[in-house]
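For reference, the structure is listed below as structure tokens.
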Amino acid sequence: MNDSIRTPEMTVLLASILTAQWFSSTGNGFLDACGNAVIWAILAAGLLLTLLSLLLVRLAPKRGLLTVCQERKGFFLFPLISFALFSLLAATALRDTLSMLSTFLLPHTPRWFLLLMLLPVIGLAGWLGIASVARSIKLVGPALLALYAVVLVLSVWNQGDVYNFFPLLGNGVPALGKTALSALSVTAWLPMLWIDKPQLEGTGRAGMRAPLYATAISLAGYIAYGLLFSGGGAATTTFPLHRLSAAGGFSHSFQRTHALFVFAWLPVQVAAVGAGICYAARSLHAALPAAPGRILVIPPLALACALGFRDIEHSPMWLNTLLQTNLQSLLVLPLLLPMIVGKAAERRREKEARHA
Amino acid sequence: MPSLGYCIADNLETFQELFHAQRNCDFIIRELSPYGVRMAVLYIDGMASRTNIEDMVLRPLMRMRPFGSIAPAGRAQALMDMVLPTGTGELETDVMKVANFILDGNCAVLCDGSGEAVLAEMQGFVTRSVDQPLIENVTFGPHEAFNESIRTNLTLLHRTLRTPDLVTEMMEIGSTSKTKVAVVYLSGVANPDTVNEFKRRLSGVKVDKLLSIGQLQQLIEDRPGRLLPQILQTERPDRTASFLMDGMVAVVCDNSPYVLAAPATFLTFLHTPDDHALRWQYGSFIRVVRILGFFLSLLLPAVYNALLLFHQELLPTDLLTSILEGYTLVPLSVTLELVLMDFIFDLINEASLRMPGSMGSTLGIVGGLVLGQAAVSANLISPMLIIIVSVAGLGLFAVPSYPLSLALRIARLVLVIASTVAGFVGIALALCFFIGSSAALESFGTPYFAPLAPHMRHNGDLFLRLPERFQKKRPGMAHPLKTNAAPAPRGWDKKEGK
């Protein structure tokens, strides 16, 4: 099967994952810490993300993440870290999806039934592979983007207020810094998706386009979101994406329109869950190359379902901390550090060889 | 394989045994002995043209001069060179090849003393004439369609594409039926990998009989278990020629008025020749209408069901009141109504296909109007539902590809069930499932949703049709060897000539 992914598909996929992380997860933590200056925190995170991506381009310009992991000592460990990282991504997105469905659309439906409904779709996404997920979301991407743009423009028109940008430092520099780091953690694992070089076709040596475009799209959306709500009202906002749809200007024509936007955010959520499961399965395959590839979809799928099934109120604190605060992105550091060390050692050897 | 002997009596006995001549009245052996040399003409009555045989074989043989100094072994060659005025002629020694030639509707001439048979093409069986397309009707394009004769179909293609690069590779499929199948492509344009893959799949088909192109399609498709078709079927020579020019490969099958073409992508099933025959503004417009009709047919019944069951708040109050008034006395649920009406609609459609011409259209009118009106009057269904089902049905008929329209009917039913379970959420999940599983499909190595996903080169002929002067490149879906299709479509125009 032709499983190559090109830049447009990867761009839309990454934008979808970013959207699922930023717009579907609760934004309370950001806004409480930072107030209206959350915009600057997100921008700073985006800048850091770009620098991080450049660093990774330098470290492994032509190799994929899993290839890099296999070249390092203890190669069994790194794929498992990667497996954990992406399974948690899938679990977070799945939990958010279930919460949005049970809160706003199907409040009387048991959560287990909602999971049962989602299972064939996310299972299929994992089974078919990341290329199919990327192609599917790319297919509907322009329509979703247009829908988001319409909602954002109408919302900004109705409720936009540039004074939401001020005060510039919000609740102070420390809070701003903390929020920036927290925002970065949401996206820190994205360069690892980019670094899946063998899957990307035609990206050339730089290969920066997909994550850059995706970040730019998501940042633009989030800045617009920041304009919509004043400091007081925004503090109680959860599930910003749903809030956006409710704030849109369609209420003059229809009584309540938020149900329609399930066609916009559900594919995005499914793509995020599917991508997490696909990459987790590939990571597991790197650790266990002898095992049949598609069967390895089952462990991350089961793990995501197990972790994501319960809502925030009924989950233990450690699980809420793990899923809601994006701490899982810290798993990236154990992967990056040996790459940096290895690259430094390689350069030292080259230098010594030149002098010799 | 047994070969012909030098004794005509032995050869005749071989063929009589092979064709069960004692019981088979169709197999004709016409013997004659000009100047004492025993000869025989073998053919199948009804398949070969008796008139041509009489004029071009028997008469020349009866009037021939004696062989003279020509050795017995060379008599067959002499007949072919000097006596028989047939357009094609060759010599054959293999018994089975001679038999297959006779079975194709030709005749073979045996001569005593010669171990070779003279093969002469004499086909004269009756076939349907070139007629108008049954399904792929157009307003502005040509009105010729393929028929059941492979030779006629290949001739139509040769007439449309007068280039020596049009290659036809013939093979036989079916151990008993020995159906002729031709792989047609443009040499230098079609990707050799695609051609070889076609030949590999066709040569791997081991069946007893091959009676239709539809059967062959299911045997060579990438995923025959999926809902969406992955190979195009067309009955139009102009459309086939267009596919060949884009680098696709076509398969022509004897006894089938349809031709297969691949690699096929989803959007090619929604294109018609009218899109190109008309000006780009009109072509684009009708294409958009057709695509909207497709989505309307797919989604309208399910959305209606979801709105009434789960999301009544989305409807304006007046509209909601009007709809609910129609449901006051209706005993059935919305879902049951939809499924029932859909079923009746499909039933009327199927029944009208089986009826002779005028009765079929009458049945459609009777079934649609009378049944629908009667059902509303009897309070079995609501009036709004008639509109929903009718509009969805019109959208279905706007789809040019019959296999795709059948897939659409099934998908529509699944979406209605999904909307019954969970409203818009169910529809969205079902659509995610369909799109995801379809995105993984391929047609001879080309992803099904190319050039949208993955992004590939295209010539501006997807949802809208760009003006002809912009369509200079071949689309990349079939990976053609030559990408330039039209160096200067409006070369006479000074602006474009620069």
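The values are calculated or read from the model by the stated rules, or taken from the named source; none is laboratory data. Since the structure is predicted, the reported quantities are computational estimates derived from the model, not experimental observations. Positions of Cβ are generated from backbone atoms using ideal geometry, with glycine treated the same way; all protein chains shown enter the neighbour counts. Heavy atoms of the whole protein, side chains included, go into the accessibility calculation; ligands, DNA and RNA do not. Shrake-Rupley method; radii C 1.70, N 1.55, O 1.52, S 1.80 Å.
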Mean other chain Cβ within 10 Å across B:439-447 is 4
Plugging the Cβ-Cβ distance of B:LYS178 and A:LEU119 into 1/(1 + (r/R0)^6) at R0 = 51 Å yields, to the nearest 0.05, a FRET efficiency of 0.55
Partner shielding of B:159-171, taken as the mean number of other chain Cβ atoms within 10 Å, equals 0
Carbon and sulfur atoms account, in whole percent of the 1.4 Å probe accessible area of segment B:293-443, for 77
Sorted list, accessible surface of protein heavy atoms, 1.4 Å probe, largest first, for B:THR234, B:THR139 is B:THR139, B:THR234
With a Förster distance of 56 angstrom and the Cβ-Cβ distance between B:ASN137 and B:MET62, calculated FRET efficiency to the nearest 0.05 equals 0.65
Rounded to the nearest 10 Å², the accessible area of B:SER377 using a 1.4 Å probe with every protein chain kept is 80
B:GLY247 neighbourhood, Cβ < 13 Å, K/R = +1, D/E = -1, net charge +1
As straight-line cross-link partners of B:LYS97, the qualifying aspartates and glutamates (C-alpha separation under 20 Å, not fewer than 8 residues apart within one chain) are B:ASP10, B:GLU13, B:GLU17, B:ASP26, B:ASP45, B:ASP112, B:GLU116, B:GLU121, B:GLU169, B:GLU172, B:ASP208, B:ASP254
Rounded to whole angstrom, the alpha-carbon centroid of segment B:150-206 lies from that of segment B:8-37 at a distance of 34
Within the under-10-Å Cβ sphere about B:LEU219, not counting B:LEU219, Lys/Arg +1 and Asp/Glu -1 give a net charge of +1
Log entry, pair B-A: total buried accessible area, probe 1.4 Å, protein chains only, in Å² rounded to 100, is 2800
Filtered hits (aspartates and glutamates, Cα-Cα < 17 Å from A:LYS351, offset >= 8 within chain) -> none
Mean per-residue count of partner chain Cβ within 10 Å for A:96-108 equals 1
Interchain or sequence-distant (5+) residues whose placed amide H lies within less than 5 Å of the amide H of B:GLU92 are B:ALA117, B:LEU119
Trypsin sites (Lys or Arg not before Pro) in segment B:1-87 lying in a DSSP loop, each with at most 13 other Cβ atoms within 10 Å of its Cβ, come to B:ARG23, B:ARG63
In nm, the gap between the two label points placed 7 Å beyond Cα toward Cβ at A:PHE104 and B:ARG162 is 6.4
Expressed in square angstrom to the nearest 10, the accessible area of B:THR321 with a 1.4 Å probe stands at 70
In terms of the alpha carbon gyration tensor, root eigenvalues a ≥ b ≥ c, rounded if a/c is under 1.5 and otherwise prolate when a/b exceeds b/c or oblate, segment B:293-443 is oblate
Once both label points are put 7 Å beyond Cα along the C-beta direction, the B:TYR6-B:THR321 separation in nm becomes 10.5
At the level of C-alpha centres, the distance separating segment B:432-473 and segment B:276-302, in angstrom, is 16
Once phi for every residue in segment A:297-309 is put through the Karplus expression 6.51 cos²θ - 1.76 cosθ + 1.60 (θ = phi - 60°), the whole-Hz ³J(HN,Hα) values, with Gly and Pro written as x, are 6, 5, x, x, 5, 5, 5, 4, 5, 5, 7, x, 5
HN-Hα couplings for segment B:274-283 via Karplus (6.51, -1.76, 1.60; θ = phi - 60°), in whole Hz with x for Gly/Pro, come out as 4, 4, 9, 6, 8, 5, 4, 5, 6, x
Rounded to the nearest 10 Å², the 1.4 Å probe accessible area of A:VAL12 is 30
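So which trypsin sites (Lys or Arg not before Pro) in segment B:133-172 pass both tests, a DSSP loop state and at most 13 other Cβ atoms within 10 Å of the Cβ?
Hits after loop and neighbour filter: B:ARG162.
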With x for Gly and Pro, the residue-by-residue ³J(HN,Hα) of segment B:189-194, computed from phi through the Karplus equation 6.51 cos²θ - 1.76 cosθ + 1.60 at θ = phi - 60° and given in whole Hz, is 10, 5, 6, x, 4, 5
